[in-house]
């Protein structure tokens with residue numbers, strides 16, 4: 001969430017302490033027992049949220065959507 005908040009600031013005003021780590025986490029579903037229809041609705045919402053966040057990152061960084069999406073996927077696997 002911190003990286004998303006920093007992204008909202010002007011490029012020359014984004015500040016973090018020298019030893020700070022700004023981490024990007026993918027939205028994820030919490031495991032719980034639910035009916036399949038409820039689970040599918042939650043998965044659909046998570047996909048919408050991921051796409052919206054990725055579009056904001058792409059817009060604010062000036063990089064293409066596919067570059068930001070690929071970078072986020074690689075970082076999520078680490």
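For the range 19-36, does any single residue satisfy the condition of being in contact with a helix residue (DSSP H, G or I) (Cβ under 9 Å, 6 or more places away or on another chain), closer than 15 Å to residue 69 by Cα and modelled with pLDDT of 75 or more? The answer is no; no qualifying residue exists.
The residues on offer are 43, 56, 74, and the sole one that is modelled with pLDDT of 75 or more, out of contact with any strand residue (DSSP E or B) (no Cβ under 6 Å at 6 or more places or on another chain), assigned to a helix (DSSP H, G or I) and farther than 12 Å from residue 4 by Cα is 43.
Of all residues in the range 59-71, those being within 22 Å of residue 14 (Cβ to Cβ), part of a helix (DSSP H, G or I) and at pLDDT 80 or above number 7.
The values are calculated or read from the model by the stated rules, or taken from the named source; none is laboratory data. Model, not experiment: these values are computed from the prediction. Neighbour counts run over all protein chains shown; Cβ positions are idealised from the backbone, glycine included.
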